[in-house]
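Here is the structure we will look at.
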Amino acid sequence: MKIYADRGMVAGRQVLSDLLVVAWVYATVRAAWWVHDLVRKLAVPGQKLEGAGNGMAENLGDVGDKVGRVPVVGDELTTPFDKAAAAARSIAEAGHDQQGLVDDLAVALAVGLLIFPIGLVLFVWLPRRVRWMRRAGAAKSLRAAPAGRDLLALRALANQPLRSLNRIDPDVVNAWRRGDDATVRELAALELRSLGLRGK
């Protein structure tokens, strides 16, 4: 029963690890998206400024056109309105530029929040997971090979904790050297269980 309990614990840890990584990535993406949306709200004054500036420029341009139709002095009267319309367009451009800066800041902060956590997953957790998958795959193929059990037993002697080896046999090395079938089988099973695989 202990064999299956150990194997279940290893497999359970692997599944839990995978679920935690998925939850970590999901939470990170959600947090980055939330920060992006929060920062984007800073663009609202810029949008209002742009809208007000464009509206004012359009109204001043219309007034200037109407005043320009006044005989004799029309051209002179339009100059202040044209200058005021140009100033209003400058205000609209400033509002547009502010929105662009806010957009850039929102993207930069979101990417900055994602870099470290996603980097940990890609460069720390994922390589370890791939290494484990390779080791588990190699151990699976060894388990099926005729001399694979002997090699797995040797790996167990080299890799497993002394306490676990002592439980198999107090003189486990000599038992392995003699080729004791039960000891070799238990050592191979111990190595397989440490990888979350069935011992048989």
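I'd like the FRET efficiency for R163 and R13, computed as 1/(1 + (r/R0)^6) with the beta carbon distance as r and R0 of 25 Å, rounded to 0.05.
On the way: r = 19 Å, r/R0 = 0.75.
The computed FRET efficiency comes out at 0.85.
Excluding ligands, DNA and RNA, the accessible surface per residue across segment 30-187 is 67 Å² with a 1.4 Å probe.
Prolate is the label for segment 63-158, because a/c, from the alpha-carbon gyration tensor with a ≥ b ≥ c as root eigenvalues, is 1.5 or above and a/b exceeds b/c. Computed per residue of the chain from DSSP H runs no shorter than four, each worth -39500 (n - 2.57), the mean residue ellipticity at 222 nm is -29500 deg cm²/dmol. Near H36, once Lys and Arg are set to +1 and Asp and Glu to -1 for all other residues with Cβ below 11 Å from its Cβ, the sum equals +1. The overall shape of segment 136-176, judged from the alpha-carbon gyration tensor, is prolate: a/c is not under 1.5, and a/b is greater than b/c. Using R0 = 30 Å, the C-beta based FRET efficiency linking R185 and F123 works out to 0.20. Under 20 Å from a label point set 7 Å out along the Cα-to-Cβ vector of A108, the amide N atoms of segment 11-53 belong to 32-47.
Rounded to the nearest percent, how much of the accessible area of the chain (1.4 Å probe, protein heavy atoms only) is carbon and sulfur? Carbon and sulfur together cover 65 percent of it.
The values are calculated or read from the model by the stated rules, or taken from the named source; none is laboratory data. Only a predicted model underlies this, so the values are computations on that prediction, with no experimental measurement involved. Counting neighbours? That spans all protein chains shown, and the Cβs are built from the backbone with ideal geometry, glycine included. Just so you know, the surface numbers come from the protein's heavy atoms only, side chains and all, with ligands and any DNA or RNA stripped out. Shrake-Rupley method; radii C 1.70, N 1.55, O 1.52, S 1.80 Å.
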